[in-house]
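Working notes for the structure below.
The values are calculated or read from the model by the stated rules, or taken from the named source; none is laboratory data. Predicted model, so just to flag it, every value in this text is computed and none were measured. Don't worry about glycine lacking a Cβ; one is built from the backbone with ideal geometry, like all the others, and counts go over all protein chains shown. Each accessible area value is taken on the protein alone, full model and side chains, heavy atoms only, with ligands, DNA and RNA left out. Shrake-Rupley method; radii C 1.70, N 1.55, O 1.52, S 1.80 Å.
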Amino acid sequence: MIRFDFNPVDTLFFRDSRSFDAGEETTADFNFPSPLTFYGAIGNAVLEITSENYRQKFVHGEYEHPKLGKYDEKLVDTPLKIKGPFLQEGGRIYFPPPENLWVEATKSPYVPHVLLPYENKEWLWDINDEKLRPLKMPMSDGNILDLKPLDEYIPVKELTKYLTGKLNSRSTLKSKSEDSFFVKETKYGHAISKCSKTPEDHFLYTSVHLRFKDQLRKQNYVQSGFTVFVEGIEESDLPNKTISLGGERKKVSIKSENNMAVPEQSRILDEIQREQPKILGEIQHKKRFFVYFVTPAIFKKGWRLDLPSEFNDAALVGAAVNKPLHISGWKSGCNINKDTLGGKPRPIKKAVRAGSVYFFEAESWSKEKFKEFFDKYHFGASLSDEYPSAGFGIGLIGCW
């Protein structure tokens with residue numbers, strides 16, 4: 001697995017999943033980029049060094065690429081696999097806020113509170129599931145605290161505290177809002193006539209672009225952008241260090257972990273890995289764990305996560321999820337004309353958002369079974385039912 005940092009050289013454009021045609025729907029809103037966007041950008045960059053004839057054959061399923069394998073529109077088990085994207089600033093990665101991490105609304109800096117399922121049956125609600133329990137809101141002097149969900153991104157140091165159960169109200173929380181990484185700029189334009197190459201009447205539109213912040217700090221030039229972890233290719237497979245990403249084929253420069261200015265930044269996940277024995281020992285002792293999703297996931301049963309069959313003795317006892325995220329994308333190779341690459345939009349699917357948390361109890365699991373599950377899915381294999389190779393359903397395991 002190799003790390004790539006994406007640093008924009010222009011504004012970036014990631015619109016939401018609604019259909020957008022100038023003159024009909026005049027505004028394209030911003031949506032945090034889907035893993036499909038980055039998977040497609042990396043795959044296209046690898047294909048660029050392939051002859052045009054073989055590119056056409058690949059997207060039509062007639063050629064097995066030495067790195068990408070055969071084109072699979074479902075992205076189930078392709079050689080190229082990614083984990084991400086994650087926001088980064090100066091090479092330091094920030095993760096989406098866990099849905100069960102709330103903060104005191106009236107205090108700054110933030111005081112964190114981690115919401116966990118009730119331990120007993122002292123609750124009333126209308127969900128018809130004996131095993132599923134609501135999350136308990138913290139109290140003070142008999143009153144519920146004035147809390148709000150955290151809507152900022154957290155660094156690795158805070159994330160390790162969260163996963164090990166050490167993040168509590170006796171400390172303050174370091175986090176960054178989206179506007180610490182980029183500003184949103186509204187762009188205006190006209191649709192251009194294909195015949196006259198002039199603006200068409202009544203086809204004014206607006207779109208929201210992101211301009212990532214670059215800053216000079218203590219004589220160091222600090223850039224913001226995205227980070228993606230990639231399996232199945234090497235740095236040499238991306239010889240062009242500038243590739244297209246998102247709408248309007250905006251450009252980003254890419255850096256691998258081998259040519260980063262500060263090598264320690266490329267090993268940013270080492271701190272999480274150092275805590276793995278503690279996390280594993282704790283969940284083996286308590287017989288319970290949670291899965292915190294760092295990327296969106298698409299499940300067959302809507303929001304509900306079913307563990308793979310080899311781990312089906314674990315019971316889902318709680319979940320912290322938000323409203324669904326609508327995911328689309330671009331499907332290549334579906335044009336009738338074999339002489340063009342072609343393509344069309346993918347169907348819109350509902351996904352649970354990055355930051356969703358699922359709580360499990362596994363009383364019958366042995367220590368070996370906990371270790372097997374932990375080793376496989378702690379920033380490892382995907383738990384998503386759709387597009388697993390494209391980075392959906394990547395989770396981190398924590399103790400509660």
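Got a sec? Which of Thr172, Thr160, Thr106 is in contact with a helix residue (DSSP H, G or I) (Cβ under 7 Å, 6 or more places away or on another chain) and either hydroxyl-bearing (Ser, Thr, Tyr) or at pLDDT 90 or above (or both)?
On the way: Thr172 fails: in contact with a helix residue (DSSP H, G or I) (Cβ under 7 Å, 6 or more places away or on another chain); Thr106 fails: in contact with a helix residue (DSSP H, G or I) (Cβ under 7 Å, 6 or more places away or on another chain).
It is Thr160.
When you look at Val352, is it aliphatic (A, V, I, L, M), within 14 Å of Leu305 (Cβ to Cβ) and out of contact with any Asp or Glu (no Cβ under 8 Å at 6 or more places or on another chain), yes or no?
yes
Report yes if Phe95 is touching a helix residue (DSSP H, G or I) at 6+ places or on another chain (Cβ under 8 Å) and either surrounded by 12 or more Cβ atoms within 10 Å (Cβ to Cβ) or at pLDDT 95 or above (or both), otherwise no.
yes
Could you tell me whether Ser309 is at pLDDT below 95 and either more than 30 Å from Asn53 (Cα to Cα) or open to solvent by 80 Å² or more (accessible area, probe 1.4 Å) (or both)?
It is true that Ser309 is at pLDDT below 95 and either more than 30 Å from Asn53 (Cα to Cα) or open to solvent by 80 Å² or more (accessible area, probe 1.4 Å) (or both).
Output the qualifying pairs, or none if there are none: Cβ atoms under 9 angstrom, residues six or more apart or on different chains, first residue in the stretch 114-128 and part of a strand (DSSP E or B), second residue open to solvent by 100 Å² or more (accessible area, probe 1.4 Å).
Filtered contacts from the stretch 114-128: Leu116/Lys136; Pro117/Lys136.
On the given criteria, is Thr227 surrounded by 14 or more Cβ atoms within 10 Å (Cβ to Cβ), more than 25 Å from Ser34 (Cβ to Cβ) and in contact (Cβ under 8 Å) with a residue 24 or more places away in the chain?
When the stated conditions are applied, Thr227 does not pass them.
Residue by residue through the stretch 43-84, note down the ones that are under 15 Å from Tyr387 (Cα atoms), of a type in the set (Gly, Ala, Ser) and either touching a strand residue (DSSP E or B) at 6+ places or on another chain (Cβ under 7 Å) or part of a loop (DSSP other than H, G, I, E, B) (or both).
If the condition is that a residue be under 15 Å from Tyr387 (Cα atoms), of a type in the set (Gly, Ala, Ser) and either touching a strand residue (DSSP E or B) at 6+ places or on another chain (Cβ under 7 Å) or part of a loop (DSSP other than H, G, I, E, B) (or both), then Gly84 is the only one that fits.
Among the residues of the stretch 10-22, is any hydroxyl-bearing (Ser, Thr, Tyr), at pLDDT 90 or above, farther than 26 Å from Leu80 by Cβ and in a loop (DSSP other than H, G, I, E, B)?
Yes.
Would the stretch 129-148 turn up any residue that is at pLDDT 90 or above, under 25 Å from Phe379 (Cβ atoms) and surrounded by 11 or more Cβ atoms within 10 Å (Cβ to Cβ)?
yes
For the stretch 376-395, indicate whether the set of residues that are closer than 17 Å to Phe299 by Cβ, part of a strand (DSSP E or B) and at pLDDT 95 or above is non-empty.
Within the stretch 376-395, one or more residues are closer than 17 Å to Phe299 by Cβ, part of a strand (DSSP E or B) and at pLDDT 95 or above.
Based on this model, can you work out whether Gly40 counts as closer than 20 Å to Thr295 by Cβ and assigned to a strand (DSSP E or B)?
no
Regarding Leu167, is this residue open to solvent by less than 50 Å² (accessible area, probe 1.4 Å) and either hydroxyl-bearing (Ser, Thr, Tyr) or touching a strand residue (DSSP E or B) at 6+ places or on another chain (Cβ under 7 Å) (or both)?
yes
Please go through the stretch 176-216 and give me each residue that is of a type in the set (Ser, Thr, Tyr) and open to solvent by 70 Å² or more (accessible area, probe 1.4 Å), ordered by number.
Thr186, Tyr188, listed by residue number.
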